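Here's the structure we're looking at; comments come further down.
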Amino acid sequence: MASAGLNPGVPVMLRELEPSSEMFKQGASLRFIGTLESYDVDSASAVIQDSSVRLKIDTQKTSDVIFRTNSLYMFIGELLICANDEVHSSPSFR
């Protein structure tokens, strides 16, 4: 029997991630690709961008990565939806 749920690490374009999307679910395992707009070492958070859409990434579980702005990155992690539909992703690296 086929599963009706999302598969782990489903590729998502940032512009597809909106409240009406079936992928816009708390804890959904998704894969994002975007250009690094900014990185804050103190909070271990990055902001990636695709067109005019931005996503904040929690990078606390990444190690030995030197982030460079304007470079393309892929993150696989769980979607965290905060107040006012602010969206974050928490990558899980092994």
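Any read-out appearing in this document is the output of simple, stated calculations on the displayed coordinates, not a laboratory observation. Computed from a predicted structure; not experimentally measured. Ideal geometry is used to build each Cβ from the backbone, glycine not excepted, and the neighbour counts take in all protein chains shown.
Before moving on, here are some points about what is shown:
- Among residues of the stretch 63-75, those that are surrounded by 12 or more Cβ atoms within 10 Å (Cβ to Cβ) and over 17 Å from T35 (Cβ atoms), counted: 0
- Test: residue in the stretch 38-54 that is basic (K, R), touching a His at 6+ places or on another chain (Cβ under 7 Å), under 22 Å from P11 (Cβ atoms) and without any contact (Cβ under 8 Å) to a residue 60 or more places away in the chain: no
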